[in-house]
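Following: one structure in structure tokens, then a few remarks.
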Amino acid sequence: MLILGIESATPQVGCAIGGHEGVLASFHSARGQRHAETLAPAIDFVRKHALIEFDELGAIAVDVGPGLFTGLRVGIATAKALAQTLRIPMIGVSSLDLLAFRVRYTNRLIVAVLDARRGEVFYALYRHVPGGAQRLSEYTLGKPEDLAWELLASGEECLVVGDGALRYPSVFSEVARTEFGDLGDAYPSAAALVELAHPKALREEFVPPWELKPLYLRKADAEINWETRDRQRQAG
């Protein structure tokens, strides 16, 4: 089964196509955060380089977050539109799961951390298991300092990956038993999305397009601003 993977939860946007033979073609860009303008041409680019037609796809996998609100909306809306047009099922995968999957072979505790802006991070903890990385915690939104104290208290040797670790290196470097991932592991990968989605597709762990939901963990800025204005009007 051929799978199109769409990843847009972070400043990087990407897509990839692959199946049982592995990833056939992929595209990633982290310039300008122009997700809406970049994604459709990128999908056509990888389709042509993979030498397939759209009707050969068997499923569409998409990063459901957590991540940046606008990027998630673009990626999920595009994935749903394609899935409904082609009448094929969907697979949703978390951005933090994708980060952990890239470094799954480490013996350390894997700490996937994405920059959530406003002085906060999205994160989850993982452990290597045969075939992948098992999540040990909930998907969480919190302060990087609180996460660093949690890691220090655990006494574990940790591998911290993601652009959240790159944003707050001094915070996490204070945890004595912490190692940082490479720059290439800073963002979720569409190629990793296809790899992780393929066994799910074989097990038929599909989601109908109308049931797939983004994992925001936090309200959109516009919604927060409206609620703040409402409270201010009520107080006045």
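The values are calculated or read from the model by the stated rules, or taken from the named source; none is laboratory data. What you are looking at is a predicted structure, and each value in this text was computed from that prediction instead of being measured. Note that each Cβ is placed from the backbone with ideal geometry, even for glycine, and that neighbours are counted across all protein chains shown.
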Wholly inside the stretch 130-203, helices (runs of 4 or more DSSP H) that include 1 or more residues that are outside the structural domain of THR106 (by TED's automatic domain parsing) are 190-202
Result of the Cβ filter at 8 Å on the stretch 79-97, keeping first residues that are surrounded by 22 or more Cβ atoms within 10 Å (Cβ to Cβ) and partners that are among the polar types (S, T, N, Q), at least 6 apart or interchain, is SER95/THR10
Among the residues of the stretch 147-165, what is the count of those that are of a type outside the set (D, E, K, R), at negative phi and surrounded by fewer than 18 Cβ atoms within 10 Å (Cβ to Cβ)? 4
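Residues checked against (1) assigned to a helix (DSSP H, G or I); (2) in the same structural domain as GLU211 (by TED's automatic domain parsing):
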{"residue": "VAL46", "(1), (2)": "yes, yes"}
{"residue": "ALA61", "(1), (2)": "no, yes"}
{"residue": "ILE76", "(1), (2)": "yes, yes"}
{"residue": "LYS80", "(1), (2)": "yes, yes"}
{"residue": "ILE91", "(1), (2)": "no, yes"}
{"residue": "ASN107", "(1), (2)": "no, no"}
{"residue": "ALA112", "(1), (2)": "no, no"}
{"residue": "TYR123", "(1), (2)": "no, no"}
Would you check which residues across the stretch 49-86 are among the basic types (Lys, Arg) and closer than 24 Å to LEU202 by Cβ and list them? LYS80
